[in-house]
Amino acid sequence: SEGARPGLRERKKIKTREAIRGATYALIEEQGYDATTIDQIADRAEVSPSTVFRYFPTKEDIVLTDEFEAVVLAEIRRRPAEEPWPDTLRYVLRHAARAGMEEDPCVSRLRTHLMAQVPAVRSRMMESMSATGRTLCRVIAERTGRAPDDLEVRVYAMSLIGGLMETGVYWAEHGHRDDPRDLVDRALDVLEHGLPGAGNH
């Protein structure tokens, strides 16, 4: 039927994205990030190099997560409107941290390791943050009644995204020993209450 076709096409796209990502992670594990080429990734994923570029404009995009926008922002919108904003944020981000670890802990570790170690990945992550920040501004505006382009909303949104990025890098730099949920809690504490001890000076 006509109605089934878009669903099938969408599933095929997801499968292709997953094949490209899986091939990339496997190659990086085997030979390192810099030595891994788009041609090798295409060959391993059994697609053409042009297909890889159609899904991911740069090699860095393959290893960066795009789940934040798709999953976290949608989850925020599903929380009860009367729930205090800090509670919503804490619930959703802890849930996301747990889900990321349960889904594929090796990928979460490798991704954050690359963010910490590869300047090109870190730089691309910072570029993509501005687009995510704009979407987050709209979500915050919906919940708080403020305008999405308010300076305060924009500063808060970008502080949150920057804080989460640094949390991932910190996790990697400390050998992935900490529970990511505890690190998310610590990051949110700073956003809610400011730098501990800073008010004493």
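Restricting the first member to the range 168-186 and to residues that are under 18 Å from Leu93 (Cβ atoms), and the second to residues that are loosely packed, with under 15 Cβ neighbours inside 10 Å, the beta-carbon pairs closer than 7 Å and six or more apart or on different chains are Trp171/Asp178; Arg181/Arg98. Test each condition in (1) within 30 Å of Ile140 (Cα to Cα); (2) polar (S, T, N, Q); (3) surrounded by fewer than 12 Cβ atoms within 10 Å (Cβ to Cβ) for Ser50 and report the one that comes out false. The failed condition is (1). Within the range 86-143, if we keep just the residues that are touching a Phe, Trp or Tyr at 6+ places or on another chain (Cβ under 7 Å) and in a helix (DSSP H, G or I), the residue that is nearest to Thr167 (Cα to Cα) turns out to be Thr112.
Restricting the search to the range 144-153, which residues are out of contact with any Cys (no Cβ under 6 Å at 6 or more places or on another chain) and either part of a helix (DSSP H, G or I) or of a type in the set (A, V, I, L, M) (or both)? Step through it out loud before you land on a result.
Residues of the range 144-153 out of contact with any Cys (no Cβ under 6 Å at 6 or more places or on another chain): 144-147, 149-152.
If the condition is that a residue be out of contact with any Cys (no Cβ under 6 Å at 6 or more places or on another chain) and either part of a helix (DSSP H, G or I) or of a type in the set (A, V, I, L, M) (or both), then Thr144, Ala147, Leu151, Glu152 are the ones that fit.
For the range 114-140, a residue qualifies if it is farther than 24 Å from Val153 by Cα and open to solvent by 80 Å² or more (accessible area, probe 1.4 Å), and the qualifying residues are Gln117, Pro119.
Screening Ala4 with (1) over 27 Å from Ile161 (Cα atoms); (2) at pLDDT 85 or above gives one miss only, at (2). Within the range 69-91, the set of residues being open to solvent by less than 50 Å² (accessible area, probe 1.4 Å) and under 13 Å from the mean Cα position of the chain (by Cα) comprises Val72, Leu73. For beta carbons closer than 9 Å, sequence separation of 6+ or different chains, a first residue in the range 78-93 that is touching a residue at least 60 places away in the same chain (Cβ under 8 Å) and a second that is among the small types (Gly, Ala, Ser) and open to solvent by less than 50 Å² (accessible area, probe 1.4 Å), the qualifying pairs are Leu93/Ala187.
Conditions tested, residue by residue: (1) of a type outside the set (D, E, K, R); (2) in contact with a Pro (Cβ under 6 Å, 6 or more places away or on another chain); (3) at negative phi.
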residue: Asp34; (1), (2), (3): no, no, yes
residue: Ala45; (1), (2), (3): yes, no, yes
residue: Glu69; (1), (2), (3): no, no, yes
residue: Arg77; (1), (2), (3): no, no, yes
residue: Trp85; (1), (2), (3): yes, no, yes
residue: Ala97; (1), (2), (3): yes, yes, yes
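Restrict the check to the range 30-45 and report whether at least one residue is aromatic (Phe, Trp, Tyr), modelled with pLDDT of 90 or more, outside the structural domain of Val169 (by the TED database) and outside any helix (DSSP H, G or I). Looking for residues that are aromatic (Phe, Trp, Tyr), modelled with pLDDT of 90 or more, outside the structural domain of Val169 (by the TED database) and outside any helix (DSSP H, G or I), one finds at least one in the range 30-45, hence yes.
Among the residues of the range 170-197, what is the count of those that are open to solvent by 50 Å² or more (accessible area, probe 1.4 Å), of a type outside the set (D, E, K, R) and in a helix (DSSP H, G or I)? Qualifying residue count, the range 170-197: 4. When the range 146-185 is filtered for residues that are of a type in the set (Lys, Arg) and within 18 Å of the chain's Cα centre (by Cα), only Arg181 remains.
The values are calculated or read from the model by the stated rules, or taken from the named source; none is laboratory data. Quantities reported herein were computed from a predicted structural model and do not represent experimental measurements. Heads up, the Cβs are rebuilt from the backbone with ideal geometry, glycines too, and the neighbour counts pull from every protein chain shown. With ligands, DNA and RNA removed, areas are computed over all heavy atoms of the protein, side chains included. Shrake-Rupley method; radii C 1.70, N 1.55, O 1.52, S 1.80 Å.
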